[in-house]
């Protein structure tokens, strides 16, 4: 799941090198923590979280295929 | 990101190599112009002149960025998808083909809309260029959905005419709402409007008074 979050985030931000995704798993729930440069926060969240929502929707679609539950957190 | 550098070197090749390292790209991504030709001086040291070149990174067409973005996502999802791109007057349509692509559509096309939104953002990241618009489709899903919505609209309009009560549809995004409005705009006895706040905005079909 990590790769998908990474691919999408890197395509949206101005500073792709600062995109870091950490993946932790507990009780069948995968948590992806997305870190970006402070100036790029808006680029991955969007107006009223529209971009974050789209990002989560796509990740969720990918995770259902692997029967996983994935939570994406933007930190 | 750096896009233009000037480099000097004993030869053009050497200057170019230095520029490629600094720009961190391959040679096929750049173009360069020679500012100074290298000159060998007298006895090899008096009047030596290094080569000087200006190297700039070629702009990648926006649609190529979009296609690369989609390919990367599909690779990360481990699904095999063929992307067929058609250029129209005011947008590009990328039709996705492959087996078992239902997951890319999602409930009422939610996933497809999300992916399309992200693709447009990725393609238009460089704000110095004119915006392009990309529509994603999976195996003609959008066309089929449009036909379904038109049928639904006409069917419900008949009901409204018969019973006189207005009908409120389920929440839809603006593209789908537009399909309903357009389908019924020529019906003289029917009035359509949208009600509620996003993302729960709904179309209402009512009798014209």
task: Go through region B:175-198 residue by residue and tally those that are loosely packed, with under 12 Cβ neighbours inside 10 Å and under 28 Å from the mean Cα position of the chain (by Cα).
output: 2
query: Which one of the conditions (1) within 16 Å of residue B:125 (Cβ to Cβ); (2) in a strand (DSSP E or B) does residue A:9 fail to meet, given that it meets all the rest?
result: (2)
- line: Selection from region B:149-174 of residues assigned to a helix (DSSP H, G or I) and under 28 Å from the mean Cα position of the chain (by Cα) yields B:149, B:150, B:174
- prompt: Which one of these does residue A:73 not meet: (1) surrounded by 14 or more Cβ atoms within 10 Å (Cβ to Cβ); (2) part of a strand (DSSP E or B); (3) out of contact with any helix residue (DSSP H, G or I) (no Cβ under 7 Å at 6 or more places or on another chain)?
  reply: (1)
- request: Determine if region B:28-46 includes at least one residue that is within 15 Å of the chain's Cα centre (by Cα) and surrounded by fewer than 11 Cβ atoms within 10 Å (Cβ to Cβ).
  value: no
task: Considering only residues that are surrounded by fewer than 18 Cβ atoms within 10 Å (Cβ to Cβ) and away from every other protein chain (no Cβ under 12 Å), look in region A:33-44 and name the one that is nearest to residue A:3 (Cα to Cα).
output: A:33
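Just so you know, all these numbers are worked out from the coordinates, no wet-lab data involved. The structure displayed is predicted, hence computed values, not measured ones. All Cβ positions, even for glycine, are placed from backbone atoms using ideal geometry, and neighbour counts span all protein chains on display.
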